[in-house]
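Here the structure is laid out as structure tokens; the discussion comes afterwards.
Only the coordinates and a few stated rules stand behind these numbers; no lab work does. Quick caveat, the model's predicted, so the values are computed rather than measured. Every residue, glycine as well, gets a Cβ built from its backbone with ideal geometry; the counts of neighbours run over all protein chains shown.
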Amino acid sequence: MQLYTRDVGGGTPLVLLHAFPLSSAMWLAQREGLAARFRVITPDLRGFGGSPLGADDPSVDAMADDVAALLDTLGIERAIVGGLSMGGYVTLAFCRRHAERVLGAVLADTKATADADGAREARIRTAERLEAEESVSVLLDDLLPRLVGPTTMRQRALVYGRVRGLVQSTPPLAAAWAQRAMAARPDSTEALADFRTPTLILQGAEDTIVSEEDARRMAEALPNAELIMIPGSGHLTAVEQPQLFNDAVTEFGAALTRTLR
Ligand code: MLT
């Protein structure tokens, strides 16, 4: 699968994988703020933005393999690979399947556990509605209000408007496919002990989709991880508090480069 990719800047390659149900457009502030230090590579995961959906069965592993194929196409052997929420699930799958290509990992507002039974059933129901209605109204009603935190809603209503626009432009069948892929994702908790690469975990303090507890559990299970809480942010730290997000990634990248020298 050939992914549509926004690719800017120069330096250490930094791949950033977007959340559900958004696209690489969510990384605007990272492309602007990090390009002086990194080659910032932000693909649209399959079905989203400019990337085709393809005919494979839904799985986060297929999404991770798309990213490996993208690195091949770009001639990049190793990169810092990071993702937010669904992008984090894909990053974890990438670390399981392509560990030798990971210089460092960034896991933002995500978790290593699989869905609990109730959450998995709810996802399948959402996928069925997306397919039957061929509309994203179920996402606008049920998910959008939880994507950004109360501080953003109070102080930065334009950010909410932008996120709403991204949700509205998501193709319903791609969203259904991704829901099924997330529902089928394995629990990565045990695999974390084998992830030796430095990992930065970022977590919005006001996130109600992924909890601080989820983030702490990953930090404890990983041999080489640092957790940074992002104040004044809900689930979409990179969009809601871009400066804090970018500062943390810049510092992480600098420390990584020092250890590689
Ligand atoms: C996301 O932000 O990518 C999704 O909310 C993740 C999920 O549904 O588990």
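At-a-glance table
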{"item": "Full-extension gain in nm, Asp57 to Thr250, via 0.36 nm per residue minus C-alpha separation", "result": "65.9 nm"}
{"item": "Three-way shape call for the stretch 11-114 based on the alpha-carbon gyration tensor, with the a/c threshold at 1.5", "result": "rounded"}
{"item": "Gyration tensor (alpha-carbon) shape descriptor, the stretch 102-165, a/c threshold 1.5", "result": "oblate"}
{"item": "Segment Ala122-Ala99, extension gain: residue separation times 0.36 nm, minus the distance between their alpha carbons", "result": "5.1 nm"}
{"item": "For Ala25, net neighbour charge (Lys/Arg +1, Asp/Glu -1) across residues whose Cβ lies under 13 Å away", "result": "+2"}
{"item": "FRET efficiency estimate (nearest 0.05) - Cβ-Cβ, Arg217 to Gln2, R0 41 angstrom", "result": "0.70"}
{"item": "Per-peptide average of other Cβ atoms within 10 Å, ordering 228-240, 153-165 highest first", "result": "228-240, 153-165"}
{"item": "Among 110-122, 194-206, 86-98, the order from most to least packed when residues are scored by Cβ within 10 Å on average", "result": "86-98, 194-206, 110-122"}
{"item": "Sequence ranges 76-85, 209-218, ranked by mean other-Cβ count within 10 angstrom, highest first", "result": "76-85, 209-218"}
{"item": "Spacing of the two label points (7 Å from each Cα toward its C-beta) at Glu133 and Ala36, in nm", "result": "4.5 nm"}
{"item": "Pairwise FRET efficiency - Asp187 versus Glu77, Cβ, R0 = 51 Å, nearest 0.05", "result": "0.95"}
{"item": "Calculated diffusion of the stretch 154-261, Stokes-Einstein form, Kirkwood radius summed over Cα pairs, 20 °C and 1.002 mPa s, µm²/s", "result": "133 µm²/s"}
{"item": "Simple label model, 7 Å out from Cα along Cβ direction - Arg146 to Ala205, nm", "result": "2.2 nm"}
{"item": "DSSP beta bridges in the chain [antiparallel fraction, %, rounded to 5]", "result": "15 percent"}
{"item": "Translational diffusion of the chain, µm² s⁻¹ [Kirkwood Rh, Cα pairs; Stokes-Einstein; 25 °C; 0.890 mPa s]", "result": "136 µm²/s"}
{"item": "Lys, Arg +1 and Asp, Glu -1 on Cβ, resulting dipole of the chain about Cα centre, debye, nearest 20", "result": "720 debye"}
